[in-house]
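The values are calculated or read from the model by the stated rules, or taken from the named source; none is laboratory data. Remember, it's a predicted structure, so these values are computed and weren't measured experimentally. With ideal geometry, Cβ positions are generated from the backbone for all residues, glycine too; neighbour counts draw on all protein chains shown.
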């Protein structure tokens, strides 16, 4: 007897690009880096949606006595789930952080305050993204949304995540695919 469930599509370590027909304002125009994808669901971070707060404003909470100018790095709205939970995407370095997960050889995700305390204290951890909240999908939900043409899957690169300005990330991913995002039709269909 055939299994009626669709196989799990593993998008871990890849980008999801919101197709123009995706009208949900939480995700319209978003570029998402997928942290994890199993048969239980998927978790990702929106990496092109800055919030109206700078990294300096957040880091002041960790080192009020010695404010440092850390540059004009934005804090990103990673998604609508658990919006007080922080994630830092960064290149691996010489320090092992409290809850650091290697995503690739050149990209790690840390979910502990010690990395923010270090940045606030003046430690240079290199290029990084500070993200609050995440996007989550239940079992089979992301697979169905992909089948419905809500998302396009693309290879992720550390250079786009860490070195490309947020307003250019989506276009940079699309350029890798040889597609002009703005020429895509908002209408979805299957041949």
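Is there a residue in the stretch 32-46 that is at pLDDT 80 or above, crowded, with 18+ Cβ neighbours inside 10 Å, in contact with a strand residue (DSSP E or B) (Cβ under 7 Å, 6 or more places away or on another chain) and assigned to a loop (DSSP other than H, G, I, E, B)? Taking every residue of the stretch 32-46 in turn, none turns out to be at pLDDT 80 or above, crowded, with 18+ Cβ neighbours inside 10 Å, in contact with a strand residue (DSSP E or B) (Cβ under 7 Å, 6 or more places away or on another chain) and assigned to a loop (DSSP other than H, G, I, E, B). Here are 86, 122, 93: which of them is free of Cβ contacts under 8 Å to residues at least 60 places away in the same chain and closer than 24 Å to residue 167 by Cα? Every option except 86 fails the conditions.
How many residues are in contact (Cβ under 8 Å) with a residue 60 or more places away in the chain and within 15 Å of the chain's Cα centre (by Cα) if we restrict to the stretch 161-179? Let's see the steps before the verdict.
The initial filter retains those residues of the stretch 161-179 that are in contact (Cβ under 8 Å) with a residue 60 or more places away in the chain, namely 161-162, 166-167, 169-170, 173-174.
Imposing the further condition that a residue be within 15 Å of the chain's Cα centre (by Cα) reduces the set to 161-162, 166-167, 169-170, 173.
Final tally of qualifying residues: 7.
Evaluating residue 85 against the criteria (1) surrounded by 14 or more Cβ atoms within 10 Å (Cβ to Cβ); (2) at pLDDT 90 or above; (3) under 28 Å from residue 28 (Cβ atoms) leaves one unmet condition, (1).
Quick check on the stretch 71-80. Is at least one of its residues surrounded by fewer than 20 Cβ atoms within 10 Å (Cβ to Cβ), modelled with pLDDT under 90 and assigned to a strand (DSSP E or B)? Checked against the condition, which is being surrounded by fewer than 20 Cβ atoms within 10 Å (Cβ to Cβ), modelled with pLDDT under 90 and assigned to a strand (DSSP E or B), the stretch 71-80 yields at least one hit.
One residue stands out in the stretch 164-191 among those that are modelled with pLDDT of 90 or more and exposed (fewer than 11 other Cβ atoms within 10 Å of the Cβ): the one that is farthest from residue 32 (Cα to Cα), namely 178.
When residue 146 is tested against (1) part of a helix (DSSP H, G or I); (2) over 14 Å from residue 32 (Cα atoms); (3) in contact with a strand residue (DSSP E or B) (Cβ under 8 Å, 6 or more places away or on another chain), exactly one condition is not met: (2).
Listed here are the residues, each with its yes/no results for (1) under 18 Å from the mean Cα position of the chain (by Cα); (2) outside any strand (DSSP E or B); (3) closer than 21 Å to residue 55 by Cβ; (4) at pLDDT below 85.
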| site | (1), (2), (3), (4) |
| --- | --- |
| 89 | yes, no, yes, no |
| 95 | no, yes, yes, yes |
| 109 | yes, no, yes, no |
| 122 | no, yes, yes, yes |
| 125 | no, yes, yes, no |
| 132 | yes, no, yes, no |
| 137 | yes, no, no, no |
| 142 | yes, yes, no, no |
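To keep it simple, each residue is scored yes or no on (1) in contact with a strand residue (DSSP E or B) (Cβ under 7 Å, 6 or more places away or on another chain); (2) under 20 Å from residue 156 (Cα atoms).
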site	(1), (2)
94	no, no
105	no, yes
110	yes, yes
115	yes, no
119	no, no
125	yes, no
128	yes, yes
131	yes, yes
137	yes, yes
